[in-house]
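**Q** The structure follows.
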Amino acid sequence: MNVLLLGGGGREHAMAWRLSESPLCENLYVAPGNAGTSDYATNLAVDPNNFSAVKDAVMANKVGLVVCGPEEPLVRGIKDFFKADPDLKTVRFIGPDAEAAQLEGSKAYAKEFMAEFDIPTAGYRRFNGENLAAGLAYLDQATPPIVLKADGLAAGKGVVILNDCGEAKDELKAMLGGKFGDASSEVVVEDFLDGIEFSVFVVTDGEGYRVLPVAKDYKRIGVGDTGPNTGGMGSVSHPPFVDAEMMEKVEQRVIKPTLEGIQKRNLDYKGFIFIGLIVVENEPYVIEYNCRMGDPETQSVMARLNSDFLQLCLKMADEELDQAVIDIEERQAATIVLVSGGYPGAYEKGKLITGVEDVEGSKVFHAGTKRNKDGAVLTNGGRVLAVTSYGDTFEDALALSYENAKKIQFEGCHYRGDIGFDLY
Ligand code: AMP
Ligand code: GLY
């Protein structure tokens, strides 16, 4: 079968690696891909948000399965586009339709969903331009820290946590005034939850579900989880504090009711559900849903998925998930992300990357990279590379990733030296 993977980050490089290993995979295409995906696949210069260009790529390459990596095409309705087009109806597609993708695309939708299906999450209120005065009055008496979330997609920047009511009021006004464009025309104000976070990845065919390896990511740029949020600076799978008892709670209180909600609402959901959770007094609470895999969690999760990933996708698409074979690697995996100097603020691109060929015993996944006309690999984004390793313990896996990360050089290269610091 010919497969088209949409996206071009480290997540997609890790997925392309596993898809390409499948004996069921004839030709793999990645749109747009990066310098790393071209080792396993043919990169296509196609924007995943340009649905008719995606269609052309599917038709021209006789693609039988499309796997959507990022959330934006899903929230914009790429699955609906596939369903509506007679030429594409028979093409299997991994990812929810636009309504189901609202679980990620609208914080307010997700909160209402969790309230309806009794899924534990932080208490919240919704405010928009019409009830701004009520919002300001609410914030006047709120106890900091105060969590403000732009309702829509804001490239990972739409959550602001403030320690002062006055600042929170200013932020509410700024958000409703268009700070994140349409994405913040509605704002969810949430109670602050204090605890340790982790990521659970569920695959569903709309009826059943299976759970992939659990991971923990590190979103902040600075050591000790300080400074601004990034797309993710590292990940560990399996975070040791997530024991069997915690997973049982997650399954009973979060995963099962989420699937029940998807069925009761008749949502078209064949794909990944990424549940961001936080543990408060030994109980799991949902921080967010995403309708895709996490990045850089996927690099650690794919490393631990020994069974055929393409077959898993086909079982999802064909509503036969109960028959899928899932074999999880017992060793631990850890990922360190190398970023451009200045990220997540302004940074330069086009820096020559060297030393990747000296890496031993780790996998290097590309994110923001491209090849120049001579074939040399250059930086092309904020997050540049991810170094993923196995170990009998997460400490061993991290140590190997760090040893190899040191061998890679590009001007301005930066990575966090303390991934996993809170797991010891
Ligand atoms: P989100 O985009 O909803 O995942 O939020 C981004 C990050 O903000 C999360 O990973 C948390 O670290 C933090 N966060 C979001 N909601 C809360 C909350 N209610 N309490 C504490 N931290 C939160
Ligand atoms: N690593 C967090 C995310 O992918 O949203």
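**Q** Between Val280 and Glu411, what is the FRET efficiency for a Förster distance of 45 Å, r being their Cβ-Cβ separation, to the nearest 0.05?
**A** Using R0 = 45 Å, I get an efficiency of 0.60.
**Q** Need the C-alpha centroid separation for segment 17-49 versus segment 146-167, integer Å.
**A** Spelled out, the Cα-based centre of one part sits 35 Å from the other.
**Q** If you wrap a convex hull around the alpha carbons of the chain, what volume per residue comes out, as a whole number of Å³?
**A** Expressed per residue, the convex hull around the Cα atoms of the chain is 140 Å³.
**Q** Amide H to amide H, which residues 5 or more places from Tyr29 or on other chains are under 5 Å from it, using H placed in the peptide plane?
**A** Amide H neighbours of Tyr29, under 5 Å, 5+ apart: Val3, Leu4, Leu5, Thr42.
**Q** By the scheme Lys and Arg +1, Asp and Glu -1, what is the net charge of all other residues having a beta-carbon under 14 Å from that of Phe180?
**A** Here the count lands on +1.
**Q** Averaged across orientations, what area in nm² does the convex hull of the alpha carbons in segment 1-115 project?
**A** About 7.3 nm², averaged over all directions.
**Q** Under unit Cβ charges (Lys, Arg +1; Asp, Glu -1), what dipole magnitude, rounded to 20 debye, does segment 91-185 have relative to its Cα centre?
**A** The dipole of segment 91-185 has a size of about 180 debye.
**Q** Moving on. Classify segment 1-44 as rounded, prolate or oblate, taking a ≥ b ≥ c as the square roots of the eigenvalues of its Cα gyration tensor: rounded when a/c is under 1.5, otherwise prolate if a/b is larger than b/c and oblate if not.
**A** In terms of gyration-tensor shape, prolate.
**Q** Could you give me the percent of Cα pairs per 5 Å distance bin for segment 278-424, shortest bin first, beginning at zero and ending with the bin that holds the maximum distance?
**A** For segment 278-424, the pair-distance distribution reads 2, 9, 14, 17, 17, 16, 13, 8, 4, 1, 0, 0.
**Q** Now for a different question. Check the straight Cα-Cα distances from Lys407 and name the aspartates and glutamates below 20 Å, setting aside those fewer than 8 residues away within the same chain.
**A** Lys407 reaches Glu357, Asp358, Glu360, Glu395, Asp396, Asp418.
**Q** In debye, nearest 20, what is the charge dipole magnitude of segment 189-246 about its Cα centre with +1 on Lys and Arg Cβ and -1 on Asp and Glu Cβ, if you could check?
**A** 340
**Q** Set Lys and Arg Cβ to +1 and Asp and Glu Cβ to -1, take the dipole of the chain about its Cα centre, and tell me which of Pro145, Leu88, Asn43 lies farthest positive.
**A** Going by the Cα projections, it comes out as Asn43.
**Q** If you don't mind, another one. Residues with beta-carbon under 13 Å from that of Asn61, excluding Asn61: net charge, scoring Lys, Arg +1 and Asp, Glu -1?
**A** So the environment of Asn61 carries a net charge of 0.
**Q** Magnitude of the Cβ-charge dipole of the chain, K/R +1 and D/E -1, about the Cα centre, nearest 20 debye?
**A** So the magnitude is around 1160 debye.
**Q** With respect to the cross-link table entries Lys55/Lys149; Lys79/Lys256; Lys216/Lys315; Lys169/Lys216; Lys157/Lys270, which display a Cα-Cα separation exceeding 30 Å?
**A** Lys55/Lys149; Lys169/Lys216
Each value in this text was obtained by applying a stated rule to the coordinates, not by laboratory testing. None of these values were measured; they are calculated from a predicted model. Positions of Cβ are generated from backbone atoms using ideal geometry, with glycine treated the same way; all protein chains shown enter the neighbour counts.
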